[in-house]
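Just below is one structure, and these are the notes that go with it.
The values are calculated or read from the model by the stated rules, or taken from the named source; none is laboratory data. Nothing here was measured: the structure is a model prediction, and the numbers come from that model. So basically every Cβ, Gly included, is an ideal-geometry build from the backbone, and we count neighbours across all protein chains shown. In case anyone asks, the SASA skips ligands and DNA or RNA and just uses the protein heavy atoms, side chains included. Shrake-Rupley method; radii C 1.70, N 1.55, O 1.52, S 1.80 Å.
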Amino acid sequence: MAKTSTTTQGLRAAIERSGYYPALVAEAVEAAVGGEPIRSFLVHQETTFDQNEVRRHVTVLVLTGNRFIVSHTDEQAADGTSPTPYATTSTESVKIGRISSVVLSRVVANPESYKPGTPPREVVLTIGWGAVSRIDLEPAACGDPNCEADHGYTGNSTADDLSLRVSEAGDGPETVQQTLAFAQALSEATADVPR
(Lines give C-alpha, C1' and ligand atoms only; values in the text may rest on other atoms or scores of the structure.)
Protein backbone atom coordinates (compact mmCIF):
# COMPACT_ATOMS: atom_id res chain seq x y z
CA MET A 1 0.00 0.00 0.00
CA ALA A 2 1.22 3.49 -0.70
CA LYS A 3 0.51 6.62 1.29
CA THR A 4 1.59 10.24 1.14
CA SER A 5 1.40 12.76 3.97
CA THR A 6 3.44 15.43 5.64
CA THR A 7 3.68 14.07 9.17
CA THR A 8 5.77 11.52 10.99
CA GLN A 9 2.59 10.01 12.43
CA GLY A 10 1.15 9.60 8.93
CA LEU A 11 4.32 7.84 7.79
CA ARG A 12 4.24 5.51 10.78
CA ALA A 13 0.54 4.73 10.18
CA ALA A 14 1.19 3.93 6.50
CA ILE A 15 4.04 1.59 7.43
CA GLU A 16 1.81 -0.15 9.97
CA ARG A 17 -1.02 -0.47 7.41
CA SER A 18 1.35 -2.21 5.01
CA GLY A 19 1.59 -4.97 7.62
CA TYR A 20 5.11 -5.85 6.56
CA TYR A 21 7.34 -6.02 9.63
CA PRO A 22 6.19 -2.53 10.67
CA ALA A 23 8.42 -2.20 13.74
CA LEU A 24 11.55 -3.10 11.74
CA VAL A 25 10.68 -0.89 8.75
CA ALA A 26 9.62 2.09 10.90
CA GLU A 27 12.77 1.96 13.03
CA ALA A 28 15.05 1.95 9.97
CA VAL A 29 13.16 4.78 8.23
CA GLU A 30 12.85 6.93 11.36
CA ALA A 31 16.58 6.56 12.07
CA ALA A 32 17.38 7.72 8.52
CA VAL A 33 14.97 10.68 8.69
CA GLY A 34 16.25 11.79 12.08
CA GLY A 35 14.65 15.01 13.27
CA GLU A 36 13.93 16.48 9.84
CA PRO A 37 10.32 17.41 9.03
CA ILE A 38 8.75 15.14 6.42
CA ARG A 39 7.36 16.89 3.32
CA SER A 40 5.99 13.82 1.56
CA PHE A 41 6.30 10.04 1.59
CA LEU A 42 5.24 6.91 -0.22
CA VAL A 43 5.00 3.38 1.18
CA HIS A 44 4.70 0.62 -1.41
CA GLN A 45 4.51 -3.09 -0.70
CA GLU A 46 4.82 -5.64 -3.45
CA THR A 47 4.67 -9.40 -3.50
CA THR A 48 6.78 -11.39 -5.94
CA PHE A 49 6.99 -15.05 -6.79
CA ASP A 50 10.46 -16.63 -6.84
CA GLN A 51 10.30 -20.23 -8.07
CA ASN A 52 8.16 -21.93 -5.40
CA GLU A 53 8.36 -19.11 -2.86
CA VAL A 54 6.31 -16.01 -2.27
CA ARG A 55 8.43 -13.02 -1.23
CA ARG A 56 7.37 -9.66 0.04
CA HIS A 57 9.20 -6.39 -0.41
CA VAL A 58 8.43 -2.93 0.89
CA THR A 59 9.84 0.33 -0.41
CA VAL A 60 9.51 3.52 1.61
CA LEU A 61 10.33 6.86 -0.03
CA VAL A 62 10.59 9.96 2.15
CA LEU A 63 11.12 13.56 1.10
CA THR A 64 12.43 16.02 3.66
CA GLY A 65 13.50 19.60 3.09
CA ASN A 66 17.05 18.55 2.22
CA ARG A 67 17.03 14.84 1.45
CA PHE A 68 15.37 12.02 -0.41
CA ILE A 69 15.44 8.81 1.64
CA VAL A 70 14.92 5.35 0.16
CA SER A 71 14.34 2.28 2.31
CA HIS A 72 14.01 -1.29 1.06
CA THR A 73 13.06 -4.29 3.20
CA ASP A 74 13.08 -7.85 1.88
CA GLU A 75 12.32 -11.13 3.56
CA GLN A 76 14.44 -14.22 2.95
CA ALA A 77 13.79 -17.87 3.65
CA ALA A 78 16.16 -19.89 5.81
CA ASP A 79 19.30 -20.76 3.87
CA GLY A 80 22.94 -21.74 4.32
CA THR A 81 23.72 -18.48 6.12
CA SER A 82 20.74 -18.57 8.51
CA PRO A 83 18.76 -21.50 9.89
CA THR A 84 15.71 -19.24 10.31
CA PRO A 85 13.90 -16.85 7.96
CA TYR A 86 15.27 -13.30 8.09
CA ALA A 87 14.72 -9.82 6.70
CA THR A 88 17.18 -7.28 5.35
CA THR A 89 16.54 -3.57 5.56
CA SER A 90 18.61 -0.87 3.89
CA THR A 91 18.25 2.90 3.77
CA GLU A 92 19.91 5.40 1.49
CA SER A 93 19.94 9.13 2.03
CA VAL A 94 20.39 11.33 -1.04
CA LYS A 95 20.76 15.11 -1.01
CA ILE A 96 18.00 16.69 -3.09
CA GLY A 97 20.60 18.44 -5.24
CA ARG A 98 22.00 15.06 -6.37
CA ILE A 99 18.73 13.94 -7.94
CA SER A 100 19.28 14.22 -11.66
CA SER A 101 15.94 13.00 -12.93
CA VAL A 102 12.40 12.25 -11.86
CA VAL A 103 10.56 10.37 -14.60
CA LEU A 104 6.87 9.62 -14.32
CA SER A 105 5.37 7.40 -17.01
CA ARG A 106 1.59 7.29 -17.16
CA VAL A 107 -0.53 4.61 -18.82
CA VAL A 108 -4.05 5.75 -19.72
CA ALA A 109 -6.92 3.76 -21.18
CA ASN A 110 -8.76 5.00 -24.27
CA PRO A 111 -6.48 7.96 -24.97
CA GLU A 112 -8.75 9.20 -27.75
CA SER A 113 -11.39 10.11 -25.16
CA TYR A 114 -9.00 11.25 -22.41
CA LYS A 115 -10.28 14.10 -20.24
CA PRO A 116 -7.89 16.17 -18.10
CA GLY A 117 -7.88 14.95 -14.52
CA THR A 118 -8.68 11.35 -15.40
CA PRO A 119 -6.32 9.21 -13.36
CA PRO A 120 -3.95 6.89 -15.22
CA ARG A 121 -4.44 3.16 -14.76
CA GLU A 122 -0.73 2.69 -14.11
CA VAL A 123 2.31 4.81 -13.31
CA VAL A 124 6.01 4.06 -13.24
CA LEU A 125 8.14 6.40 -11.14
CA THR A 126 11.85 6.32 -11.99
CA ILE A 127 14.30 8.41 -9.98
CA GLY A 128 17.96 8.85 -10.83
CA TRP A 129 20.75 10.28 -8.70
CA GLY A 130 23.81 8.64 -10.21
CA ALA A 131 24.32 5.70 -7.87
CA VAL A 132 23.33 3.10 -10.50
CA SER A 133 23.59 3.43 -14.27
CA ARG A 134 22.69 0.98 -16.98
CA ILE A 135 24.64 0.87 -20.22
CA ASP A 136 23.05 -0.71 -23.28
CA LEU A 137 25.56 -1.35 -26.07
CA GLU A 138 25.18 -2.76 -29.55
CA PRO A 139 27.50 -3.04 -32.53
CA ALA A 140 27.51 0.12 -34.66
CA ALA A 141 26.83 -0.24 -38.35
CA CYS A 142 26.81 1.86 -41.48
CA GLY A 143 24.23 2.06 -44.24
CA ASP A 144 26.13 -0.27 -46.60
CA PRO A 145 24.70 -3.81 -46.28
CA ASN A 146 27.92 -5.25 -47.77
CA CYS A 147 30.28 -3.41 -45.39
CA GLU A 148 32.40 -5.70 -43.23
CA ALA A 149 34.31 -2.99 -41.35
CA ASP A 150 34.30 -2.79 -37.57
CA HIS A 151 32.41 0.39 -36.70
CA GLY A 152 32.78 -0.04 -32.94
CA TYR A 153 29.83 0.18 -30.62
CA THR A 154 26.97 2.56 -29.96
CA GLY A 155 24.74 2.72 -26.94
CA ASN A 156 22.97 4.58 -24.19
CA SER A 157 23.72 5.20 -20.55
CA THR A 158 20.64 5.48 -18.38
CA ALA A 159 20.36 6.47 -14.73
CA ASP A 160 18.33 3.71 -13.14
CA ASP A 161 18.63 4.09 -9.39
CA LEU A 162 14.99 3.41 -8.53
CA SER A 163 11.98 2.36 -10.53
CA LEU A 164 8.60 1.78 -8.90
CA ARG A 165 5.51 0.52 -10.78
CA VAL A 166 2.06 1.12 -9.32
CA SER A 167 -1.17 0.05 -11.01
CA GLU A 168 -4.83 0.62 -10.38
CA ALA A 169 -5.56 -3.10 -10.81
CA GLY A 170 -2.81 -4.30 -8.47
CA ASP A 171 -2.56 -1.48 -5.92
CA GLY A 172 -5.82 0.44 -6.21
CA PRO A 173 -6.68 3.90 -7.58
CA GLU A 174 -5.79 5.65 -4.30
CA THR A 175 -2.25 4.27 -4.48
CA VAL A 176 -1.86 5.56 -8.03
CA GLN A 177 -2.95 9.04 -6.88
CA GLN A 178 -0.57 8.92 -3.93
CA THR A 179 2.31 8.01 -6.23
CA LEU A 180 1.42 10.95 -8.49
CA ALA A 181 1.39 13.27 -5.47
CA PHE A 182 4.79 12.05 -4.25
CA ALA A 183 6.29 12.38 -7.74
CA GLN A 184 5.01 15.96 -7.97
CA ALA A 185 6.43 16.85 -4.55
CA LEU A 186 9.81 15.37 -5.48
CA SER A 187 9.86 17.13 -8.86
CA GLU A 188 9.04 20.45 -7.20
CA ALA A 189 11.76 19.91 -4.58
CA THR A 190 14.39 19.27 -7.25
CA ALA A 191 13.30 22.37 -9.16
CA ASP A 192 13.86 24.50 -6.04
CA VAL A 193 17.51 23.45 -5.70
CA PRO A 194 20.02 25.82 -7.34
CA ARG A 195 22.46 24.03 -9.66
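Approximating the spin labels as points 7 Å out from Cα along Cα→Cβ, the Arg55-to-Arg98 distance works out to 2.5 nm.
How high is the relative contact order of segment 33-131, given as a whole-number percent (alpha carbon pairs under 8 Å, six or more residues apart)? With pairs under 8 Å counted, the relative contact order is 18 percent. Once the 1.4 Å probe is applied to the protein heavy atoms, the chain comes out at 58 Å² accessible per residue. For segment 25-65, the Cβ-based charge dipole about the Cα centre amounts to some 120 debye (Lys, Arg positive; Asp, Glu negative; other atoms uncharged). Entry note, the chain: the mean residue ellipticity at 222 nm calculated from DSSP H runs of n ≥ 4, each adding -39500 (n - 2.57), is -7000 deg cm²/dmol after division by the residues and rounding to the nearest 500.
For segment 49-105, what relative contact order do you get, as a whole percent, if you take Cα pairs closer than 8 Å and at least 6 residues apart? All intermediate terms of the calculation are to be shown ahead of the outcome.
Details: 75 pairs, mean separation 15.7, N = 57.
For segment 49-105, the relative contact order is 28 percent.
Quote the charge dipole size of the chain about the Cα centre in Debye, to the nearest 20; the model charges only the Cβ of Lys and Arg (+1) and of Asp and Glu (-1). I would put it at about 880 debye. Here the label points at Thr118 and Ser187, each 7 Å from Cα along the C-beta direction, are separated by 1.9 nm in the simple model.
Convex hull volume per residue, computed on the Cα atoms of segment 38-112, equals 164 Å³. With a cut-off of 9 Å between beta carbons, the residues surrounding Tyr20 carry a summed charge of 0, where Lys and Arg count +1 and Asp and Glu -1.
Leaving out ligands, DNA and RNA, what percent of the accessible area of the chain is carbon and sulfur, probe 1.4 Å? Each step should come with its number before you reach the end.
Details: 5560 of 11260 Å².
That share works out to 49 percent.
Binned at 10 Å from 0, what are the whole-percent values of the Cα-Cα distance distribution for the chain, short to long? Taking every Cα pair in the chain, the percentages come to 8, 29, 31, 19, 9, 4, 1.
Report the charge-dipole magnitude of segment 25-122 in Debye, nearest 20, computed about the Cα centre from +1 at each Lys and Arg Cβ and -1 at each Asp and Glu Cβ. Before the final figure, lay out the partial values.
Numbers: 9 positive and 12 negative charges, 123 e Å.
Here segment 25-122 has a charge dipole of around 580 debye.
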